[in-house]
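All remarks here apply to the structure that follows.
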Amino acid sequence: MLFQADGIRFQYPDNWQLTREDAQTGWTVSVQSPATAFFILTFTEEMPEVGAVAETVLEALRADYPDLEAEPALESLAGQPAMGHDITFFSLDLTNTCHSRCFYSDAGTILLIWQANDLEWDAVGPVFRAICASLQVEE
């Protein structure tokens, strides 16, 4: 399947469910696996600073999971430097892995979050990599 809006597009598996929520200055799409894994992309026209967005995500997770472990991360997504964190935490007796990445586009700031528990990670990790690899942002 293909998601496309405001010059942003990515592919996702046919059996994953996409939902979209609009906001005053942008929108959020979430793609849910048949199990518990998910991928979220948030676009905001306000252009908040990517470092601040990355820290806000981490602090929001830390509020729910005070013992989480996080490592700073930097990689290229859609041809842009994307910063965020690789995060692990325990929930319902399972280890969960969450990755956050944030970067600028010409139209706004883009935040990506993808997460799965360790029982699913081996199966959905390649799916997350494929979604990220398919991500394109028009200049």
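The values are calculated or read from the model by the stated rules, or taken from the named source; none is laboratory data. From a predicted model like this one, the values you see are computed outputs, not experimental measurements. As a convention, Cβ positions derive from the backbone with ideal geometry for all residues, glycine included, and neighbour counts pool all protein chains shown. With ligands, DNA and RNA removed, areas are computed over all heavy atoms of the protein, side chains included. Shrake-Rupley method; radii C 1.70, N 1.55, O 1.52, S 1.80 Å.
Just one of (1) in a strand (DSSP E or B); (2) surrounded by fewer than 16 Cβ atoms within 10 Å (Cβ to Cβ) fails for ALA123. It is (1). In the stretch 81-94, of all residues being at pLDDT below 95 and not hydroxyl-bearing (Ser, Thr, Tyr), the one that is farthest from ILE113 (Cα to Cα) corresponds to ASP93. In the stretch 110-120, which residue that is open to solvent by less than 20 Å² (accessible area, probe 1.4 Å) and among the aliphatic types (A, V, I, L, M) is nearest to ALA52 (Cα to Cα)? Looking at residues that are open to solvent by less than 20 Å² (accessible area, probe 1.4 Å) and among the aliphatic types (A, V, I, L, M), I get ILE110.
Scanning the stretch 13-35 for residues that are out of contact with any strand residue (DSSP E or B) (no Cβ under 6 Å at 6 or more places or on another chain), open to solvent by 50 Å² or more (accessible area, probe 1.4 Å) and not hydrophobic (A, V, I, L, M, F, W, C) yields a total of 5. Candidates ALA37, ALA73, ALA78: the one that is modelled with pLDDT of 95 or more and on the phi > 0 side of the Ramachandran plot is ALA78. Cβ-Cβ distances below 7 Å connect the following pairs, each with a first residue in the stretch 17-38 that is farther than 15 Å from LEU111 by Cβ and in contact (Cβ under 8 Å) with a residue 24 or more places away in the chain, a second residue that is open to solvent by less than 70 Å² (accessible area, probe 1.4 Å) and part of a loop (DSSP other than H, G, I, E, B), and a separation of six or more residues or different chains: SER33/TRP16. Applying the condition of being of a type outside the set (A, V, I, L, M) and surrounded by 19 or more Cβ atoms within 10 Å (Cβ to Cβ) to the stretch 39-79 and asking which residue is farthest from GLY108 (Cα to Cα) yields PHE39. Within the stretch 1-58, the set of residues being among the acidic types (Asp, Glu) and within 24 Å of GLY125 (Cα to Cα) comprises ASP14, GLU55.
Mind telling me which of the residues ALA107, ALA116, ALA130 ends up being more than 16 Å from PHE38 (Cα to Cα) and small (Gly, Ala, Ser)?
Going through ALA107, ALA116, ALA130 in turn, the sole match is ALA107.
Quick check on the stretch 81-104: of everything there that is of a type in the set (Ser, Thr, Tyr) and open to solvent by less than 60 Å² (accessible area, probe 1.4 Å), which residue is nearest to ASP6 (Cα to Cα)? If we take residues in the stretch 81-104 being of a type in the set (Ser, Thr, Tyr) and open to solvent by less than 60 Å² (accessible area, probe 1.4 Å), then SER100 is nearest to ASP6 (Cα to Cα). The single condition from (1) assigned to a helix (DSSP H, G or I); (2) open to solvent by 30 Å² or more (accessible area, probe 1.4 Å); (3) in contact (Cβ under 8 Å) with a residue 40 or more places away in the chain that ALA107 fails is (1).
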